Amino acid sequence: MSGGAADPADGAPPDGEGPERDDASSEQDADSDEASESVFDRYQQLTPGRLVAAITVVAVVVRLVTLGERPAHWDEARVAYWAHFYEDTGSLAYYWEEHGPFAQLAAGNLFDMFGANDFTARLPVALVGGLLPAGALLYREHLDRIETVALALLLAGNTVLIYYSRFLRSDVLVATFMFVALGCLVRFWDTRRARYVLGAGVFLGLGFGSKENAVIYLLTWAGAAALLVDQFLHSPASDQSGLSYLRANLGAYWDRVKQAAYRADYAIGLALTFVVTLVVLFAPRGQGLDRRLDPATDADPVTLGDTLTDPTNVMTLVDESLNEAYSGYIDWFAQSEETTLDTYVSFLGDYVTLLVKYAPLLTVFTLVGIAVERYARGRSRPLVMFMAYCGIASLVGYPLGSHIEGDSAWLSVHVIIPLLVPAAVGLAWAWRQGRDTVRKSSVSPAAVVVVLILLVGLWAWFIPVQSVYVDDTAPENDLVQFAQPYSDLDPLVEKMDGVSDDHSGTDVLIYYGERGESFDSYGSLLPSTLPADTTGMWQVAPVCSSWGSTQPLNWYFATTGTDADCERSPDGLVESASTDAVPIIVTIPGDETVPEATLDESYEKQTYYLRSLGRETTVYVHDSYADT
């Protein structure tokens, strides 16, 4: 792979083990270096490493600002609830519907230290997403200095990445970890230093422990590598054909294979760090998954703690942890729904629309970067084309796996990150062209800086600021999935928090009274029959609720310590309201069994949207708590 100047901190590959660079490629790199010298040589303290570090700090801050203000999305509430369950009971195990255990482990430990709330729940993803721009430095041997900084800028400022770095889902986690893992492998190729192999193993393990589509990354990498080989054999940058070049260099390739075999310790180190990371993440905690189903379970799985005190449990722990991971991965892949041509075209359109609407800089500069790399260089750099192939393959492939309305928003993360590499090439090219134009004209550099600041400010205000901070729950925002509550739930959460502190007994009563043909299985907050025995059901308090409909309320019940219960009888509701004066009652509009006349005497009626507009929830707050 050819690229920019080597970083003295890492040095050149020892003993000539690094990749050879052809004259055409080296000449292009020299031109690129000359183009970037005017910036970095003029200001000696201004190095790519320092610029990337500054960009990373800003990226972290941007992701932390008002992090806990948006009400929890249904998916966030589900993951956060089990993280709180882990912090409360000490029990946790991998379950594929919530994806890898990393997010729950990280959030659960933060809850233990700082308390459970929306901010601490999202903090692990925000920190990982904020640190993502630092990963640009791993690719610096294959990008020039301006391109490296441009890559960090794009990783820090992409609207979709910012939004979902502030969201408790595992897509940004797996995308970041796999990007860094690949970067570590690239650095190992550049330097042959063992620490990068070990780092790759750890980050691969973190990726697999975050979400199951980590497997898709490996498949995408393999496909992109195959395309690179085909590209090289088609035009090997010599007078020979691809096959002739292979025959002429077969001996050299065979020597490299033997040399790699002699250093099998690298592969062993990669495999060991990968497996150890997987075991640490997927090993059950406490009573594992059984505790979710039965509070009185006597399950006693082998845990990390058991293994630390008794090393003879190591093989059992490894076997059970990896088998659990394997089974979950199989279940995750098996749940994919059948895709028709119509649904594929529809989802593909969603992805393209999202990229054009919320990542216009990425879209434009990716096209420019690919064109520049393929047609304006003596020889295309393998890394840039590799990432372009990965991004294009993801754009084509991910709509095949989409089956939920609006999931293109968070899944587009896996399309965007690889495409940002050719986009960085395009942005750097545009910078140089603009700089050269200014130099040749009579335009004042100061005026150009003012225009650039104005343009960047307008872009930031109309796209990232509006989409991420201002309209972060608005249905017209395509980044907002339909299970995102539209209403500000803070007043209700604060009310529940106050009630739980001052009241003894049932704090919140969830009610739905319709029966028979009038029962709305979609809208009801409760099952048709309240269970007498909740053993074997997910222990999402209150277990009597249909938590698929009531979330994120269950999450907020847990964080505020609210005692919630369920009621299916109108008479029971009247008694609870008149005799017990239950502080808060939760119902839905359209339930004609609600005794509104009775409730209106002592309760204040409020309306909240637990999803996007169109699904209302009615909350009655007792007068004695209405003003507290």
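The values are calculated or read from the model by the stated rules, or taken from the named source; none is laboratory data. Since the structure is predicted, the reported quantities are computational estimates derived from the model, not experimental observations. Because the Cβ atoms are built from the backbone with ideal geometry, glycine has one as well, and the counts that use them run over all protein chains shown. All accessible areas refer to the heavy atoms of the entire protein, side chains included, with ligands and DNA or RNA removed. Shrake-Rupley method; radii C 1.70, N 1.55, O 1.52, S 1.80 Å.
So which residues in the stretch 520-563 are open to solvent by less than 20 Å² (accessible area, probe 1.4 Å), under 19 Å from Ser500 (Cβ atoms) and of a type in the set (A, V, I, L, M), if there are any at all?
Val540, Leu553
Determine which member of the set Glu320, Glu324 is in a helix (DSSP H, G or I) and under 24 Å from the mean Cα position of the chain (by Cα).
Sole residue among the options that is in a helix (DSSP H, G or I) and under 24 Å from the mean Cα position of the chain (by Cα): Glu324.
So Tyr86 ticks every box in (1) at pLDDT below 95; (2) open to solvent by 10 Å² or more (accessible area, probe 1.4 Å); (3) touching a Gly at 6+ places or on another chain (Cβ under 6 Å); (4) of a type outside the set (A, V, I, L, M) but one. Which box is left unticked?
(1)
Search the stretch 202-213 for residues that are within 16 Å of Glu324 (Cα to Cα) and pair each with any residue that is modelled with pLDDT of 95 or more and of a type in the set (Asp, Glu) when their beta-carbon atoms are under 7 Å apart and the residues are at least 6 apart or on different chains.
Sorted first by the residue in the stretch 202-213, then by its partner, the pairs are Lys211/Asp171.
Residues that are modelled with pLDDT under 95 and under 32 Å from the mean Cα position of the chain (by Cα): list the helices (runs of 4 or more DSSP H) wholly contained in the stretch 210-284 that include at least 3 such residues.
214-234, 264-282
Please count how many residues of the stretch 553-592 are touching a residue at least 40 places away in the same chain (Cβ under 8 Å), under 18 Å from Val621 (Cβ atoms) and not hydrophobic (A, V, I, L, M, F, W, C).
12
Return a yes/no flag: does the stretch 172-185 have any residue that is in a loop (DSSP other than H, G, I, E, B), at negative phi and open to solvent by 20 Å² or more (accessible area, probe 1.4 Å).
No: zero hits.
When you scan the stretch 96-146, how many residues do you find that are in a helix (DSSP H, G or I), farther than 16 Å from Glu76 by Cβ, open to solvent by less than 30 Å² (accessible area, probe 1.4 Å) and in contact with a Pro (Cβ under 8 Å, 6 or more places away or on another chain)?
Qualifying residue count, the stretch 96-146: 0.
Checking the structure you have, find out if any residue of the stretch 272-282 is hydroxyl-bearing (Ser, Thr, Tyr) and under 30 Å from Glu87 (Cβ atoms). Walk me through it before giving the result.
Restricting attention to the stretch 272-282, the residues satisfying the condition of being hydroxyl-bearing (Ser, Thr, Tyr) are 273, 277.
Keeping just the survivors that are under 30 Å from Glu87 (Cβ atoms) gives 273, 277.
Looking for residues that are hydroxyl-bearing (Ser, Thr, Tyr) and under 30 Å from Glu87 (Cβ atoms), one finds at least one in the stretch 272-282, hence yes.
Would you point out the residue of the stretch 336-362, among those that are loosely packed, with under 11 Cβ neighbours inside 10 Å and not in a helix (DSSP H, G or I), that is modelled with the highest pLDDT?
Among those residues, the one meeting the criterion is Thr340.
Grab the helices (runs of 4 or more DSSP H) fully contained in the stretch 464-576, keeping just those with 3 or more residues being modelled with pLDDT of 95 or more and not small (Gly, Ala, Ser).
Working: elements: 490-502, 547-550, 553-560.
Where helices (runs of 4 or more DSSP H) fall fully within the stretch 464-576 and carry at least 3 residues being modelled with pLDDT of 95 or more and not small (Gly, Ala, Ser), they are 490-502, 553-560.
Are any residues in the stretch 573-595 farther than 22 Å from Glu517 by Cβ and either within 44 Å of the chain's Cα centre (by Cα) or open to solvent by 80 Å² or more (accessible area, probe 1.4 Å) (or both), and if so, which ones?
Selection gives Glu575, Ser576, Ala577, Thr579, Asp580, Ala581, Val582, Pro583, Ile584, Ile585, Val586.
Output yes when any residue across the stretch 578-595 is under 17 Å from Ser487 (Cα atoms) and touching a helix residue (DSSP H, G or I) at 6+ places or on another chain (Cβ under 8 Å), and no when none is.
Within the stretch 578-595 (the criterion being under 17 Å from Ser487 (Cα atoms) and touching a helix residue (DSSP H, G or I) at 6+ places or on another chain (Cβ under 8 Å)), the answer is yes, since at least one residue qualifies.
Got a sec? Which of Gly251, Gly269 is over 26 Å from Thr89 (Cβ atoms), assigned by the TED database to the domain that holds Met178, surrounded by 13 or more Cβ atoms within 10 Å (Cβ to Cβ) and out of contact with any Pro (no Cβ under 7 Å at 6 or more places or on another chain)?
Criteria check complete, one pass: Gly269.
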